[in-house]
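Have a look at the structure below, then the notes.
Values quoted throughout were computed directly from the atomic coordinates according to the rules given, and no laboratory measurement underlies them. Being a predicted model, the structure only gives us computed values, none of them experimental. Here the Cβ is made from the backbone with ideal geometry for all residues, glycine too, and neighbour counts use every protein chain on show.
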Amino acid sequence: MGTTVLQPGATQTQTSPCPIARLAGLLHEEPRLEAVAFNPATRRLSIATLGRDQDGRLSERVTDALREKFPPCPHAEQNPCNLCAVGREEQPGDSRLLISEKFGTTLIRKATCVTAISLWQWVKLVWPAYAPRQKGTLEEHSETEWRPMAALAAGCALFGLAGWALELAPAPAWAPLVSYILAYLCGGWDAARDAWERLKSGQLDIHFLMLAVAAGAALIGAWREGTLLLFLFSTSGAMEHYAMGRTRREIGALLRGAPKTALVMIDDSEREVPVEDLEPGMIVRVLAGGQIPVDMTIARGRSECDESNLTGESVPVPKGPGETALAGTINLSGLLEGPVLRPAAESSLQKIIRLIREAQTLRAPSQTFTDRFGTTYTWIILTSCTVMFFVWWLIFGLPPFGSSGEIRSAFYRAMTLLVVASPCALVLSVPSGILAAIAAGARRGVLFRGGAPIENLAMIDVVALDKTGTLTSGQLALAGIDMERGDQTALLAAAHALARHSSHPLSRAIRRVALPSGMAELAVERHETLPGRGVRGLINGKPFVLGSRAFIASERKIAPAEGPRVSDAAEVWVAGEDMLGCLRFFDEVRPQSSELLARLRARGIHTVMLTGDREGPAVAIGRAAGVDEIRAGLLPEDKVAAIEELKDGGKKRVAMIGDGVNDAPCLAAADIGVAMGARGSDAALEQAEIILMNDRLENFLLALNLSTDARRVISQNMVVALGTVGLMVAATFFYPLPLALGVAAHEGSTVIVVLNSLRLLLMRRA
């Protein structure tokens with residue numbers, strides 16, 4: 001393993017096609033990023049950071065750097081890039097990058113001390129698709145792709161019928177042959193194109209097998225059987241594309257409906273600008289009936305917004321000043337005006353689109369198996385058919401090519417065996433079910449990020465839940481203020497300023513508390529958020545902290561007095577040099593929480609609440625909701641340890657449901673991570689495998705039922721596929737089946753598998 005030492009001046013990476021160069025430049029630009037490890041062969045990608053990638057932007061930049069197809073090896077002798085031209089001798093200095101390769105994995109890391117390396121936090125990322133991505137968009141999938149395929153299948157049928165009719169009519173001998181050739185061209189065009197693309201990469205697939213059988217049928221004069229094969233194969237292909245297009249319809253609607261322009265207020269006048277040019281702070285105006293172009297904060301106007309395309313919830317949501325309107329939602333009534341919250345490419349709409357795109361590329365374990373099996377199986381079938389040709393010819397004495405009456409030639413029976421043994425239905429059994437399940441979930445407000453969570457969710461034994469914002473509504477209301485010293489007005493102003501930059505539900509509740517009249521918002525310097533503890537910063541040059549009683553005690557070296565507490569109230573303490581007080585908030589249990597937990601218990605699933613809140617409010621909320629087990633006062637690392645304990649050494653599968661930044665580590669530690677809502681933190685969404693887009697906890701049960709149904713459908717598909725292959729192969733060995741019957745059985749099983757998967761789109765139960 002060699003090590004390349006890269007100095008900052010040697011990058012010139014901004015325009016280089018080399019992925020190593022692009023990543024090297026990113027490492028120099030991002031202080032949080034410490035190392036990147038990637039292996040194109042195994043499609044594995046990981047990053048090391050100091051601190052968490054809370055907003056998910058760092059992970060996205062890394063995947064974008066690897067999104068384009070890899071060029072030839074950057075270590076090649078010809079035309080080496082600047083990285084490879086650097087000497088391999090390690091030199092002192094903290095600004096260097098060390099690049100090494102071992103067993104196909106390239107590691108790019110900053111040169112630092114061993115102690116710092118031990119503090120790195122490694123996170124696995126989704127391997128990016130090899131396709132250039134436009135700013136903030138998702139490639140559209142055509143819903144009409146099946147139509148030309150259906151037209152070719154119809155042409156195959158018409159020419160095939162014409163050839164059959166010409167055989168019966170007093171026509172020239174060449175006339176039926178011409179019709180059958182035209183039928184072959186129509187029915188085999190799409191299969192030949194796909195087979196050729198595979199052959200160029202050294203692969204064989206079902207399309208090659210079908211073309212081989214059709215060619216073999218033509219060689220022995222069985223034009224009718226070959227035409228029937230190509231007609232049914234092309235018809236089933238068109239039906240498959242129609243089915244897959246239907247499953248993508250709900251997903252594609254997200255993008256097609258996205259606005260391309262927006263009205264921006266500049267110098268008290270309206271200007272229409274492209275959505276991709278919008279920047280945070282620009283004032284956007286949305287007319288009644290218009291679509292929200294980007295995530296925006298409403299400054300003026302009141303309306304109701306239809307968020308069904310994002311959340312699956314059909315009930316309009318009231319919107320007013322201070323609230324957030326999400327990109328892609330519909331402004332039903334009234335004029336809305338306010339500043340852009342984040343760029344279009346980072347909006348909630350694009351975030352969901354990006355997650356869906358990843359979901360469609362991530363394969364389920366069983367799908368990966370069938371893909372490997374299908375490739376190997378193709379070679380096995382080709383070899384077996386060749387062997388059986390010689391067996392039927394040399395051992396059983398069948399004529400090698402010429403068939404007569406009831407006597408089928410060895411070649412004819414080998415072609416029949418090739419048809420019935422082809423694993424077309426088996427290869428489609430898993431991906432058709434997975435894609436249909438993803439579409440069914442997206443339509444109802446549940447996003448599965450790939451096939452693995454669809455298959456695994458149904459097997460969970462334990463469900464762990466966060467409290468605030470998950471079991472509860474997260475809409476905390478101020479119940480009272482307890483002052484130990486200082487002025488209450490100044491305390492509210494300081495709390496409001498410290499909470500302004502935090503996404504924690506308690507911080508959001510503090511921000512909803514009105515500032516004392518006549519007071520402007522205070523500026524905070526050196527603001528720092530400590531997940532699970534609190535926030536700190538400087539106000540007018542003086543240190544202030546906001547958080548739990550324990551956090552205040554550790555930061556200020558003094559403990560607040562232990563006075564009487566309200567057991568079910570959440571406490572937020574504020575401390576400064578001359579100030580110490582407590583804000584008490586109440587939260588309500590979601591109305592749906594109790595029903596969900598009861599139904600999970602009826603399934604034999606153990607439920608656990610993991611929260612950082614005090615034991616008093618945690619127990620009150622847990623008992624009201626009906627949780628089996630309550631664990632309170634947990635830091636983020638304690639929640640991770642609890643998840644590992646609940647796994648019981650791998651004997652149990654654990655799903656974790658959360659919504660905040662502090663939930664991201666345990667979402668990653670769980671077997672299945674579930675994030676709450678399109679408004680959930682980016683860190684939680686990045687780690688979650690399932691997202692409840694409409695913030696409705698009860699939809700977890702819908703996801704669980706969909707996972708159960710999908711596993712059942714996939715199992716049924718595999719039974720149909722393998723059963724048909726096994727039955728027809730056995731029959732072919734012992735009986736000279738007509739090729740037409742083999743074709744009908746093969747294509748019929750494929751159609752049954754696809755139609756069975758489409759049943760998932762009709763699922764209604766929750």
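Below are the figures for this structure:
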{"quantity": "Virtual paramagnetic centre 7 Å along Cα→Cβ of Gln121, amide N under 20 Å, in the stretch 603-641", "calculated": "610-613, 633-641"}
{"quantity": "For Arg44, distant residues with modelled amide H under 5 Å away", "calculated": "Asn39"}
{"quantity": "Net lengthening on full extension, Arg512/Glu167 (0.36 nm per residue, minus Cα-Cα)", "calculated": "115.9 nm"}
{"quantity": "Distant-in-sequence amide H partners of Glu304 (H built 1.01 Å from N, under 5 Å)", "calculated": "Lys319, Leu332, Ser333"}
{"quantity": "Residue-count net charge about Asp671 - beta-carbon cut-off 10 Å; Lys, Arg +1, Asp, Glu -1", "calculated": "+1"}
{"quantity": "Length added when fully stretched, Thr708-Ala730, from 0.36 nm per residue minus Cα-Cα", "calculated": "4.7 nm"}
{"quantity": "R0 of 22 Å, Cβ-Cβ distance Ser594-Ala479: FRET efficiency to nearest 0.05", "calculated": "0.45"}
{"quantity": "Entries in Lys124/Lys651; Lys467/Lys651; Lys124/Lys639 that, when Cα-Cα distance is taken, lie over 31 Å", "calculated": "none"}
{"quantity": "Charge sum, other residues only, whose C-beta stays under 14 Å from Phe396's C-beta, Lys/Arg counted +1 and Asp/Glu -1", "calculated": "+2"}
{"quantity": "Modelled FRET efficiency - R0 45 Å, Gln488 with Ala288, Cβ distances, 0.05 increments", "calculated": "0.60"}
{"quantity": "Ranked Thr49, Thr416, criterion: other C-beta atoms within 10 Å, fewest first", "calculated": "Thr49, Thr416"}
{"quantity": "Net charge of neighbours whose Cβ lies under 13 Å from the Cβ of Gly163, counting Lys and Arg as +1 and Asp and Glu as -1", "calculated": "-1"}
{"quantity": "Relative contact order (percent, whole number), the stretch 279-342, Cα cutoff 8 Å, 6+ residue spacing", "calculated": "52 percent"}
